[in-house]
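To keep things clear, I will list the structure first and then write my remarks on it.
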Amino acid sequence: MSLSHLRPLSFGEILDGAFVLYRRHLGTMFVATLVPFLPPVLFWLLVGATIGGTSDLEGLSTAANLLLMPYSLLATVVVWGALMHLASRAYLGGEVSLGEGFRTALRRFLPLLVSGVVVYVLFVLGLVLFVVPGVIAGIVFFAAWQAVVIEGKGPFAAMSRSRQLARGAWKRIFGVTLVALVIAFMPTMLGTAAVIGFYGMEAFSGPALEVAATVGWPFVAMNVLGTVLSALTYPYFATVMTLLYYDRRVRTEALDLEMATERLGATV
């Protein structure tokens with residue numbers, strides 16, 4: 001897909017088009033997702049090699065909560081920023097560069113972080129308030145990060161921009177997002193189930209700290225496998241949401257005609 005394909009897309013074309021773009025740039029998108037999460041992967045491999053299945057992990061669990069979770073948050077922001085840039089470039093037929101993807105994510109890091117935290121808080125609060133408000137928040141702000149990365153908007157301007165693009169298309173956005181989530185995260189769920197099936201459910205039962213102190217390699221395997229599988233599936237979901245963003249711009253702003261006119265003017 002390229003600029004010549006910039007047009008209104010059907011439900012199926014968004015999902016299929018994302019597969020086409022991801023398959024075409026699989027290596028770049030996979031590396032862009034995996035590299036920022038390599039430190040946690042190495043951490044858990046070191047844990048497995050060091051503790052086996054006998055050591056007390058109370059101190060380790062505390063360290064993981066204090067160090068890995070904040071790092072994972074920052075890494076997630078960089079990954080999603082890079083993926084939005086890469087998916088956009090791929091869709092428009094531009095050069096897909098891993099380095100430029102990371103540079104773009106780092107340049108837009110602060111607005112990505114702020115908008116991401118605000119949307120997440122609204123989403124969680126909405127889920128607590130009888131679920132529906134959380135779903136609405138997810139729909140309304142579906143394109144906040146795309147607006148930050150692609151349009152260069154600040155965090156709150158990006159949220160307002162997403163609200164504008166979502167107007168009149170809530171059902172469509174919900175449907176595409178839900179199907180993409182199921183497709184993207186099914187491998188991770190199956191991988192988790194495979195680890196549990198291999199080691200036995202009893203290895204993961206009981207209080208969390210007690211489990212962490214006894215399961216050793218099963219616990220490590222679940223974390224490492226989950227990270228690798230996520231690196232394979234996150235890019236697809238990010239690409240779907242980017243195509244959905246462009247579809248909304250084409251439908252509401254005639255973006256396809258605007259860009260075609262600009263391209264024609266540049267060749268005259």
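Observations on the model:
- Expressed per residue, the C-alpha convex hull volume of the stretch 95-167 stands at 86 Å³.
- Ranked order, SER10, SER162 - accessible area, probe 1.4 Å, largest first: SER10, SER162
- With all protein chains modelled, accessible area of SER97 [1.4 Å, Å²]: 30 Å²
- Computed with every protein chain present, the accessible area of ARG251 is close to 110 Å² [probe 1.4 Å].
- THR233 - accessible surface, heavy atoms, 1.4 Å probe, Å² rounded to 10: 10 Å²
- Efficiency of FRET between PHE130 and LEU110 - r from beta-carbon atoms, R0 35 angstrom, step 0.05: 0.60
- Label-point separation, VAL35 to GLN164 (7 Å along Cα→Cβ), nm: 3.3 nm
- You can think of it this way: the chain between LEU68 and PHE185 has 40.0 nm of extra reach, that is 0.36 nm per residue less the Cα-Cα gap.
The values are calculated or read from the model by the stated rules, or taken from the named source; none is laboratory data. In this text, all values refer to a predicted model and were calculated from it rather than measured experimentally. Because the Cβ atoms are built from the backbone with ideal geometry, glycine has one as well, and the counts that use them run over all protein chains shown. Only protein heavy atoms, including side chains, enter the accessible area calculation; ligands, DNA and RNA are left aside. Shrake-Rupley method; radii C 1.70, N 1.55, O 1.52, S 1.80 Å.
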